[in-house]
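Notes to accompany the following structure.
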Amino acid sequence: MASILSRENAYPIALGLVAILAVRMIAGWIRRPKYLPGPPRLPLVGNLFDMPESESWVTYNKWKETYGDAIYLEILGSPLVILNSYKACIDLLEKKSDIYSDRPIGIMANILMGWNKAVMMSPYNDRWRRFRRITAQSMRKDAIKQFHPIQEREVARFLGSLLEDPDHYMENFRLAAGRSLLWNVYGLPVDDSNNPIITTTEKAMEIGVFAAQPGNFLVDFFPALQYVPSWFPGTGWKEFARKGRVLAHDMAEIPFDMTLKEIKSGNNEPSFTSINLGKNEDPDIVKWCSGSMLAAGADTSVASVHAFFLTMTLFPEVQKRCQAEIDAVTGGTRLPEIADRDSLPFLSATMWEMMRWQPVSPLALPHRVLKDDIYNGCFIPAGTVILGNTWDPELFEEPDKFIPERYLPYFDKSIPHDPAKLPLEPNEFAFGYGRRICAGMHYAETMFLISIARVLSTFDITKVKDANGNEITPELKFNSSIVRETLEFPCVIKPRSEAARALVLSSLKSI
């Protein structure tokens, strides 16, 4: 009898517990914030298996058709928001930059490799504000004129390498970009094509960029893994982190120490580093400002120029029009200069169209929101990583076509136009957003301009022909890194004439 009574009493107790749990679940569901729309999430892993392995910006744009221009995802419990339109990027990263200017706390790149000391990955704090003040003062549009002579000199050297070794034009341009930065940032001359500073910087940037991409390392989602001993099975990534940390350290320390020695000896050349040290700025801030400029500047310049050679191979009629414009300014008797830009409207428009058509950075470096926020009536929790997708085809008419003329009214004021209907300038989206916009954008743009102007003034870039004399049209293929660079392709690079060859040689003699 007792057992029957206890069993009978158990039923209402069990029902009561079920009811309580049900009420709690319903209440939790009701209180659950409304997130932005996005792909359905699986338990525990969330959208881990939805993340694209390559050309993620293309996948994100396809999702836009279903979920809109602001998409919410979760990767192993970590929230991620993709901003799929220029408007969404401006709404959050520009208009609310006071809370959207932090960087993700990437354990692999920032903590284990030390990239949190660099300008581009530094948290949004007082140290970063000091970074920003120094770089903004030194790299503003009028201030970078002091760097123009070195940019022009190193591009002239690059032209000489095109005469001797056109097949390795990109390796040689990497050297030209590195030389320009080493001189302007540190006052250091470079003569060796295998200069250890340049090669160390390239390796450091390559590893750092890979480590910074969300999803490449589990330790970014499970920080406790960083404390697992190195001898434990499956911790090979710790050796990768150690190498990355050494490279990042050497990238910042070696050229900075060399500059300090030159300053102490009294033999230093004026540079970004020496000028700011002369203002009694914090040496550690200056060191990492300089290292950041060297790392980011070389990588993006190389990717831009690589895309230029591909574009000129594909569009010979644009190449010829640029060359005719340059010839009209220089008369073929001198190399173009940065000061000639106002007289080269079509070349400037072509450069902008290249930046729009095949952007070097389709995804802005990730931001991190500091406080809970609401967007489009949806909740964005503090700590969410925000990716701005600059690959927004809706901004332009015929976005897949290469049409330099769309930007020509910006540079040729004689062309009748409605200012309200001009396409968006690439500088508005190609260099990041808000307070995290690239401080070196003006330096990068002038390096790009003088590179393409001087190459086109003296060389023709054409398609390779097969054994039967048929032209081989290269494909538009790029890597999927944060810095998007053209994959190798065949092209022919030859002096436009004997006079052009002589001009290159004479310019080398004056260096």
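The values are calculated or read from the model by the stated rules, or taken from the named source; none is laboratory data. Since the model is a prediction, treat every value here as computed from it, not as a measurement. Neighbour counts run over all protein chains shown; Cβ positions are idealised from the backbone, glycine included. Keep in mind that these areas ignore ligands, DNA and RNA; they rest on the heavy atoms of the full protein, side chains included. Shrake-Rupley method; radii C 1.70, N 1.55, O 1.52, S 1.80 Å.
So, in the stretch 261-294, exactly how many residues are part of a helix (DSSP H, G or I), over 27 Å from the mean Cα position of the chain (by Cα), in contact (Cβ under 8 Å) with a residue 12 or more places away in the chain and closer than 22 Å to I198 by Cα? Talk me through it step by step, then tell me what you get.
The initial filter retains those residues of the stretch 261-294 that are part of a helix (DSSP H, G or I), namely 261-265, 272-278, 283-294.
Imposing the further condition that a residue be over 27 Å from the mean Cα position of the chain (by Cα) reduces the set to 261-265, 277-278.
Within this subset, residues satisfying the condition of being in contact (Cβ under 8 Å) with a residue 12 or more places away in the chain are 262-263, 277.
Now restrict to residues that are closer than 22 Å to I198 by Cα: 262-263.
So the answer is 2.
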Would you confirm whether any residue within the stretch 475-482 is under 22 Å from D167 (Cβ atoms) and in contact (Cβ under 8 Å) with a residue 40 or more places away in the chain? yes
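Residues that are open to solvent by 10 Å² or more (accessible area, probe 1.4 Å) and under 30 Å from R129 (Cβ atoms), at least 2 per element: which strands (runs of 3 or more DSSP E) completely within the stretch 355-471 meet that? Break it down into steps so the answer makes sense when it comes.
Details: elements: 373-375, 378-380, 385-388, 459-462.
The qualifying strands (runs of 3 or more DSSP E) are 373-375, 385-388.
Just to check your reading of the model, which residue among G106, G178, G187 is out of contact with any Lys or Arg (no Cβ under 9 Å at 6 or more places or on another chain) and within 23 Å of F309 (Cβ to Cβ)?
On the way: G106 fails: within 23 Å of F309 (Cβ to Cβ); G187 fails: within 23 Å of F309 (Cβ to Cβ).
Answer to the check: G178.
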Matching residues, the stretch 44-89, being surrounded by fewer than 21 Cβ atoms within 10 Å (Cβ to Cβ) and either touching a His at 6+ places or on another chain (Cβ under 6 Å) or among the polar types (S, T, N, Q) (or both): N47, S54, S56, T59, N61, T66, S78, S85
Looking only at the stretch 321-334, how many residues end up being open to solvent by 40 Å² or more (accessible area, probe 1.4 Å) and closer than 12 Å to T350 by Cα? 1
Please work out which one of (1) under 21 Å from the mean Cα position of the chain (by Cα); (2) modelled with pLDDT of 95 or more is the condition G297 fails and give its number. (2)
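Looking at the stretch 53-60, is at least one residue modelled with pLDDT of 95 or more and within 22 Å of P362 (Cα to Cα)?
No: zero hits.
Restricted to the stretch 173-232, and to residues that are of a type in the set (S, T, Y) and assigned to a helix (DSSP H, G or I), which residue is surrounded by the fewest Cβ atoms within 10 Å (Cβ to Cβ)? Can you show your working first?
So the first thing to find is which residues in the stretch 173-232 are of a type in the set (S, T, Y), and the list is 180, 186, 193, 199-201, 227, 230.
When the remaining residues are screened for being assigned to a helix (DSSP H, G or I), the result is 180, 186, 199-201, 227.
On the way: S180: 27, Y186: 27, T199: 14, T200: 20, T201: 28, Y227: 7.
This residue is Y227.
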Could you count how many residues in the stretch 110-126 are under 18 Å from R435 (Cβ atoms) and open to solvent by 60 Å² or more (accessible area, probe 1.4 Å)? 1
Given (1) closer than 22 Å to W115 by Cα; (2) open to solvent by 40 Å² or more (accessible area, probe 1.4 Å), where does N268 come up short, assuming only one miss? (1)
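Residues checked against (1) in contact (Cβ under 8 Å) with a residue 60 or more places away in the chain; (2) in a loop (DSSP other than H, G, I, E, B):
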site	(1), (2)
S54	yes, yes
W57	yes, no
L73	no, no
L92	yes, no
K96	yes, yes
Y124	yes, yes
K141	yes, yes
I144	yes, no
